[in-house]
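Undergrad: Dropping a structure here in structure tokens format, bear with me for questions.
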Amino acid sequence: MSRKLRSQSWFGGQGKNAFIHRSWMKNGGLPDDVFDGRPVIGICNTFSELTPCNAHFRGLAEHIKAGVLEAGGLPLEFPVFSCGESNLRPTAMLFRNLASMDVEEAIRGNPIDGVVLMAGCDKTTPSLLMGAASCDLPTILISGGPMLNGKFHGRDIGSGTDVFRFSDEVRAGTMSLDEFTAAERAMSRSPGHCMTMGTASTMASLSESLGVTLPGNAAFPAVDANRARLARLTGRRAVAMVNDDLRLSQILTRTAFANSIRMNGAIGGSTNAVIHLIAIAGRIGVDLTLEDWDRLGRDIPTIVNLMPSGQYLMEDFCYAGGIPAVMKEMADHLDLDALTVTGRSLGENIADAVNENPDVIRPRDRALVAHGGIAVLGGNLAPDGAVLKPSAATPELLQHHGKAVVFSSIEDFRARIDDPDLDVDKDSILVLQNCGPKGYPGMAEVGNMPLPQKLLKQGVRDMVRISDARMSGTAFGTVVLHTAPEAAAGGPLALVRDGDMITLDVAGRRLHLDVDDAELDARRVEWEPPPPAMNGGYQSLYVEHVLQADRGADLDFLVGCRGAAVPRESH
Ligand code: FES
């Protein structure tokens, strides 16, 4: 390779600055010859003990480093902000954009020629891809892998999905608190991220279909030796990508995003993928819209039988063949010429894929859901769109006309939902306001509101729910999410009042508030935005600059690719 690598702008030459850059690096024992112009691979690690899904990443990074060394590169690991879904408040999503800024600036500001992104928990995948896309160096991603299947009383239980189920059972009085605690121990049995087809597994799967990971990335459990092997191969491949100058922008094309929208339908993936893919596309300069999601995903059958849409878990998905086997089943819906980090096409990558279990990865004629894509709704209640996941909904509720029961905040919801006097029945529509990007802030996963206890006791297990929030990818129900503009930005959702009639027409892609325009105008005059949750700090910056859900909820000033030109010298 005759091309001068960007790391040589730090480590090459004989002057004072080269002395500084090299000498301090040598304090860990690096010999002179590692600065000879070989590719420097930054290993971007989201390890954190506060992100339990990524807490095994120190060990995984060692395998990546071994691979980089084997291929003749110099691995240098660096930490970035780790968005852990299970602990971070008010919601990990508030910090996705912050983490992406950290990633972008860490890559651009350092002597790095190529990057390995170590992602796992929900937001760590999009935050790393967003930051890396704004730099556009040779980049490859590896996921930390899912946990082993949960096991409880002889049956498999899934992260998130069964928490919601058990919680409803406790509230309905059909499960004891002792049993609930026993399930808590039984659910998370090994390192790794949620093993349902929640947001983490969805984003790992879509990273694979985007072409930014090696084949097989999504499904190997975190503790499977194949995960360590994949890490080693990922390290090797990062070096080759630098040598070939294979950049993210050659892989993250419109074709790659179109493939991944279709794959999201096939796997029954999370609604969160809608926001994340739009945000990643925005960073690399691809114009992706909600309309693309509806159009490209509309006739895609869901063939992956995993919770929350189906029955199995990621470990089963791995043994069935994982994403390569799904892509093979879906081949005629995909553009298999798309280039990937292997330097080959998607089609070449999956040539040998085999579906080992047709109950986990269904043949198309036995699809779990015939039309599994994300439905994008319009109408006067969601002028800039809202989304619903039909595969996780109750089919009979997809056409529904009901009376609104309105909650102005999540606190209001929690205070009143179990009130025996609440005027609600199974046909009511629960409406939650002020939980969007600006309103929460950060668009928390509270859109799958728990049902009123009195209805649970009557056996009701699903109702239509509408909000400007998101929901966990592990959740299920007839839940309209991401309503835009959000209530806190003055969207029509803010104008809904108790007793208003709402029509949900998923087939017609319509969400309609049956209140006339004059009345809505009068309510708009009376409306006042909610007070900010915090004055100053990152939260204020976020609220001021966050885009609405239909535009990926990125910060307006972060959209776009700013490249990785070598910044001016620091000394
Ligand atoms: Fe980390 Fe689910 S909480 S992936």
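Undergrad: Thinking of segment 1-43 as a set of Cα atoms, what percent of all their pairs are more than 15 Å apart? Present the calculation step by step, with values, prior to reporting the outcome.
TA: Details: 369 of 903 pairs.
Of the Cα pairs, 41 percent sit more than 15 Å apart.
Undergrad: Please work out the ratio of the alpha-carbon Rg of segment 476-571 to 2.2 N^0.38 Å and round it to two decimals. Before the final figure, lay out the partial values.
TA: Values: Rg = 19.3 Å, N = 96, 2.2 N^0.38 = 12.5 Å.
In units of the globular-protein estimate, segment 476-571 measures up at 1.55.
Undergrad: How much accessible area does Ile64 have with a 1.4 Å probe, in Å² rounded to the nearest 10?
TA: Using a 1.4 Å probe on the heavy atoms, I get roughly 0 Å².
Undergrad: Compute the helix-to-body angle for 225-244: its Cα long axis versus the longest principal axis of the chain, expressed 0 to 90° and rounded to tens.
TA: 60 degrees
Undergrad: Quick one: grab the alpha carbon gyration tensor of segment 236-347, order the square roots of its eigenvalues as a ≥ b ≥ c, and give me rounded if a/c is under 1.5, else prolate or oblate depending on whether a/b is larger than b/c.
TA: Because a/c hits 1.5 or more and a/b fails to exceed b/c, segment 236-347 counts as oblate.
Undergrad: Run the dipole for segment 453-543 about the Cα centre, Lys and Arg Cβ at +1, Asp and Glu Cβ at -1, nothing else charged, and hand back the magnitude in debye, nearest 20.
TA: Numbers: 10 positive and 13 negative charges, 126 e Å.
Value, rounded to 20: 600 debye.
Undergrad: Quote to one decimal, in nm, the extra length available between Thr289 and Arg89 on full extension: 0.36 nm per residue of separation minus the C-alpha distance between them. Don't skip to the end; give the middle numbers.
TA: Details: separation 200, 0.36 × 200 = 72.00 nm, distance 2.87 nm.
Contour length minus the Cα-Cα distance gives 69.1 nm.
Undergrad: Report, for the chain, the % of DSSP beta bridges that are antiparallel, rounded to 5. It would help to have the intermediate numbers written out before the result.
TA: Numbers: 20 of 49 bridges.
If I count the DSSP bridges inside the chain, around 40 percent turn out antiparallel.
Undergrad: In the full protein assembly as shown, how much of Tyr312 is accessible to a 1.4 Å probe, in Å² to the nearest 10?
TA: Here the residue's solvent-accessible area equals roughly 50 Å².
Undergrad: Further, regarding this structure: When the convex hull of the Cα atoms of segment 64-179 is projected onto a plane and the area is averaged over all directions, what value comes out in nm²?
TA: Values: hull surface 39.7 nm².
Mean shadow area of the hull around the Cα atoms is 9.9 nm².
Undergrad: Lys pairs in the chain, Cα-Cα under 17 Å, at least 8 apart or on separate chains: how many? It would help to have the intermediate numbers written out before the result.
TA: Working: Lys16/Lys26; Lys403/Lys426; Lys426/Lys454; Lys426/Lys457.
Summing the qualifying lysine pairs gives 4.
Undergrad: Provide the three semi-axes, in whole Å and in decreasing order, of the ellipsoid equivalent to the chain as defined by the square roots of 5 times the Cα gyration tensor eigenvalues.
TA: Working: eigenvalues 336, 139, 94 Å².
That gives 41, 26, 22 Å for the three semi-axes.
Undergrad: Taking segment 309-447 on its own, what percent of its Cα-Cα pair distances exceed 24 Å?
TA: I get 55 percent for the Cα pairs in segment 309-447 exceeding 24 Å.
Undergrad: Could you tell me what % of all Cα pairs in segment 170-314 have separations over 18 Å? Provide the component values of the computation, followed by the final result.
TA: Working: 6726 of 10440 pairs.
Roughly 64 percent, rounded to a whole number.
Undergrad: In whole Å, what is the distance between the alpha-carbon centres of segment 297-373 and segment 64-107?
TA: Result: 28 Å between the Cα centres.
Undergrad: Right, here's the next one. In debye to the nearest 20, how big a dipole does the chain give about its Cα centre with +1 on each Lys and Arg Cβ and -1 on each Asp and Glu Cβ?
TA: Working: 54 positive and 70 negative charges, 366 e Å.
Roughly 1760 debye for the chain.
Undergrad: Can you list, largest first and rounded to whole Å, the semi-axes you get for segment 137-251 by taking the square root of 5 times each eigenvalue of its Cα gyration tensor? If you can, show how the numbers build up before the last one.
TA: Details: eigenvalues 283, 39, 13 Å².
Whole-Å semi-axes of the equivalent ellipsoid: 38, 14, 8.
Undergrad: Then there is this: In degrees, nearest 10, range 0 to 90: what is the angle between the Cα axis of helix 177-187 and the longest Cα principal axis of the chain?
TA: So the inclination is approximately 30 degrees.
Undergrad: Right, another one. Leaving out ligands, DNA and RNA but keeping every protein chain, what accessible area does Leu98 have, in Å² rounded to the nearest 10, with a 1.4 Å probe?
TA: 50 Å²
Undergrad: Size of the dipole of segment 22-178 about the Cα centre, Lys and Arg at +1 and Asp and Glu at -1 on the beta carbon, nothing else charged, in debye to 20?
TA: Working: 13 positive and 19 negative charges, 42 e Å.
Rounded to the nearest 20 debye, it is 200 debye.
Undergrad: Express in whole angstrom the spacing between the alpha-carbon centres of segment 214-237 and segment 1-42.
TA: 29 Å
Undergrad: How compact and how long is segment 412-478, expressed as Rg and Dmax of its alpha-carbon atoms in Å?
TA: For segment 412-478, the Cα-based Rg and Dmax read 12.1, 36 Å.
Undergrad: If you don't mind, there's one more thing I want to ask. Show log10 I(q)/I(0) for segment 433-513 at q = 0.13 Å⁻¹, two decimals, from a solvent-free Debye sum over equal Cα scatterers.
TA: -0.43
Undergrad: Using a 7 Å offset from the Cα along the Cα-to-Cβ direction at both Glu519 and Arg298, what is the distance between the two label points in nm, to one decimal?
TA: With each label point 7 Å from Cα toward Cβ, the separation is 3.2 nm.
Undergrad: With Rg and the Kirkwood Rh both taken from Cα atoms, where does Rg over Rh land for segment 448-488?
TA: Working: Rg = 11.6 Å, Rh = 11.2 Å.
Taking Rh as the inverse mean 1/r over Cα pairs, Rg/Rh reads 1.03.
Undergrad: Also, quick follow-up: Please give the helix 272-284 orientation as an angle from the longest Cα principal axis of the chain, in degrees from 0 to 90, rounded to the nearest 10.
TA: 40 degrees
Undergrad: Let me ask something else about it. How do 543-554, 32-43, 352-363, 259-270 rank on mean C-beta neighbours within 10 Å, highest first?
TA: Descending mean neighbour count gives 259-270, 543-554, 32-43, 352-363.
Undergrad: Over the alpha-carbon set of segment 323-383, work out the extent along each principal axis and list the three values in angstrom, largest first.
TA: For segment 323-383, the Cα spread along each principal axis is 48, 30, 16 Å.
Undergrad: Against the empirical 2.2 N^0.38 Å scaling, what ratio does the C-alpha Rg of segment 224-286 come to? Please report the intermediate quantities before stating the final value.
TA: On the way: Rg = 14.6 Å, N = 63, 2.2 N^0.38 = 10.6 Å.
With N residues counted in segment 224-286, Rg over 2.2 N^0.38 Å equals 1.37.
Undergrad: Oh, and also: Obtain the nm distance between the two label points defined at Lys457 and His153 by a simple spin-label model: each point lies 7 Å from its Cα along the Cα-to-C-beta direction.
TA: 2.2 nm
Undergrad: Same structure again: Could you estimate the translational diffusion coefficient of segment 1-127 from the Stokes-Einstein equation, with Rh from the Kirkwood formula over C-alpha pairs, at 37 °C and 0.692 mPa s, in whole µm²/s?
TA: 209 µm²/s
Undergrad: Taking 35 Å as R0, compute the FRET efficiency from the Cβ-Cβ separation of Trp24 and Tyr538 and round it to 0.05. Display every interim value, and only then the final one.
TA: Details: r = 30 Å, r/R0 = 0.86.
E(calc), rounded to 0.05, equals 0.70.
Undergrad: Something else: Rounded to two decimals, what is Rg over Rh for segment 92-131 when you use alpha-carbon atoms and the Kirkwood radius? Intermediate results must be reported in sequence, preceding the final value.
TA: Details: Rg = 10.1 Å, Rh = 10.3 Å.
Using only Cα positions, Rg/Rh for segment 92-131 is 0.98.
Undergrad: Then there is this: In the chain, which Cys residues have no partner Cys with a Cβ closer than 4.7 Å?
TA: So, Cys44, Cys83, Cys135, Cys194, Cys318, Cys435, Cys561.
Undergrad: Hey, another quick one. Could you give log10 I(q)/I(0) at q = 0.14, 0.15, 0.17, 0.18 Å⁻¹ for segment 410-548, computed by the Debye formula over C-alpha point scatterers of equal weight, without solvent?
TA: Debye curve over Cα of segment 410-548, log10 I(q)/I(0) at q = 0.14, 0.15, 0.17, 0.18 Å⁻¹: -0.70, -0.80, -1.01, -1.12.
The values are calculated or read from the model by the stated rules, or taken from the named source; none is laboratory data. Predicted model only: the values in this text are computed from it and were never measured. So basically every Cβ, Gly included, is an ideal-geometry build from the backbone, and we count neighbours across all protein chains shown. Areas reflect the complete protein model, heavy atoms only, side chains present, ligands, DNA and RNA absent. Shrake-Rupley method; radii C 1.70, N 1.55, O 1.52, S 1.80 Å.
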